[in-house]
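Please read the structure below before turning to the comments.
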Amino acid sequence: MIVDLPDTTTSKVSKSLVKIREENGVVALGRVLTLVIAANPGIEEEAIEAANDASREHPMRVIVVATDPDEPAGTAPRLDAEIRVGGDAGASEVIVLRAQGAVARDEESLVMALLLPDAPVVTWWPGSAPEVPGTSPLGRIAQRRITDASAQPDPQGALKSLAESYTPGDADFAWTRLTLWRAQLAAVLDQPPYEEITRVSVTGAVDSPSTTLLAAWLRLQLDTPTDYELTPVEEGSHGIHGVRLERASGIVELIRDVPGVATLRQPGQPLHDVALPRRNLRDCLADELRRLDPDELYGEVIRGGLALLGTTEGEGATA
């Protein structure tokens, strides 16, 4: 069910929520958090679909704030809202706020009256994100703040900005997309022979900040010289292409030549095909919502691991 509220106020939206619950039995009980989605017009539906899917694992209230940063100066203030419940909202209730003019510039006031009482708040920017998420209007009210460096015009530059502005509670999907790669590489290194890794090489597309974060994680964890190569997108697929680990007994390679499948090569062992699909928005969002405390390892990698890349002679990136 979708209820349209054109040219409205947040007070009227809140009253409509109460009315819907009284008339239709749709309650907020059991919601574990409030997810605030800050999206530019045109991309909010994809984000809502991902949130609806994730809500089946994490029942929540979803508040979507859709504003246009490029709207003409002097635009008249206006707030249009939608309330989606039932089959249109998964296991959540979705409130879509489309604001313009002066109303759009006060995002914090827009959502404050609609937050679930005594429930954690997570803010997600599926598109462009503020320079410092932790001090932005919607970031200040949240325990967790989720960005996506790959959605920025300059993904690699966005990583540097995230490192400079990092505040405990920040997260980025570039890190979340590494979960399967990290698990597979850890499994390989947990097997004999237990030899020191002498050099690491990581390759991926230039539009893949996950490639850089993977190199930073390996540099931090293995404390060994690490190279990473960023190739133009037209020369290969998107995302991470592969990892090469050098040690005394030979070279271990995990290469993804086919979308969704990587080949594991190890000295003295047959080739293995490993499922390494690129994670979609739903999987990344559900993964990040499993924890509401700061991700300390991400903080160490984004601040310390990135700084270590290139600090040893011969290390660094090529494009």
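The values are calculated or read from the model by the stated rules, or taken from the named source; none is laboratory data. Computed from a predicted model, the values in this text were never measured in an experiment. Neighbour counts are summed over all protein chains in view; Cβ atoms, including those assigned to glycine, are modelled from backbone coordinates with ideal geometry. The accessibility values were calculated without ligands, DNA or RNA, using every heavy atom of the protein model including side chains. Shrake-Rupley method; radii C 1.70, N 1.55, O 1.52, S 1.80 Å.
Here is how the numbers come out for the structure above:
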{"quantity": "A73 being open to solvent by 70 Å² or more (accessible area, probe 1.4 Å) and of a type in the set (G, A, S)", "calculated": "yes"}
{"quantity": "Given (1) under 27 Å from L289 (Cα atoms); (2) open to solvent by less than 10 Å² (accessible area, probe 1.4 Å), index of the condition E164 fails", "calculated": "(2)"}
{"quantity": "Qualifying residue in segment 211-226 (condition: over 17 Å from G304 (Cβ atoms) and of a type outside the set (V, I, T))", "calculated": "no"}
{"quantity": "Filter result for the condition that a residue is more than 19 Å from Y194 (Cα to Cα), open to solvent by less than 80 Å² (accessible area, probe 1.4 Å) and either within 25 Å of the chain's Cα centre (by Cα) or aliphatic (A, V, I, L, M) (or both), over L285, L245", "calculated": "L285"}
{"quantity": "Pairs with Cβ under 7 Å, 6+ apart, first in segment 3-15 and in contact (Cβ under 8 Å) with a residue 12 or more places away in the chain, second polar (S, T, N, Q)", "calculated": "V3/S16; L5/S16"}
{"quantity": "Failed condition for E93, given (1) buried (at least 19 other Cβ atoms within 10 Å of the Cβ); (2) touching a residue at least 60 places away in the same chain (Cβ under 8 Å); (3) in contact with a helix residue (DSSP H, G or I) (Cβ under 7 Å, 6 or more places away or on another chain)", "calculated": "(3)"}
{"quantity": "Residue ranges of helices (runs of 4 or more DSSP H) in segment 102-184 with at least 1 members β-branched (V, I, T) and under 18 Å from L214 (Cβ atoms)", "calculated": "173-176"}
{"quantity": "Failed item in (1) open to solvent by less than 50 Å² (accessible area, probe 1.4 Å); (2) closer than 23 Å to P126 by Cβ; (3) outside any strand (DSSP E or B), with G42 passing the rest", "calculated": "(1)"}
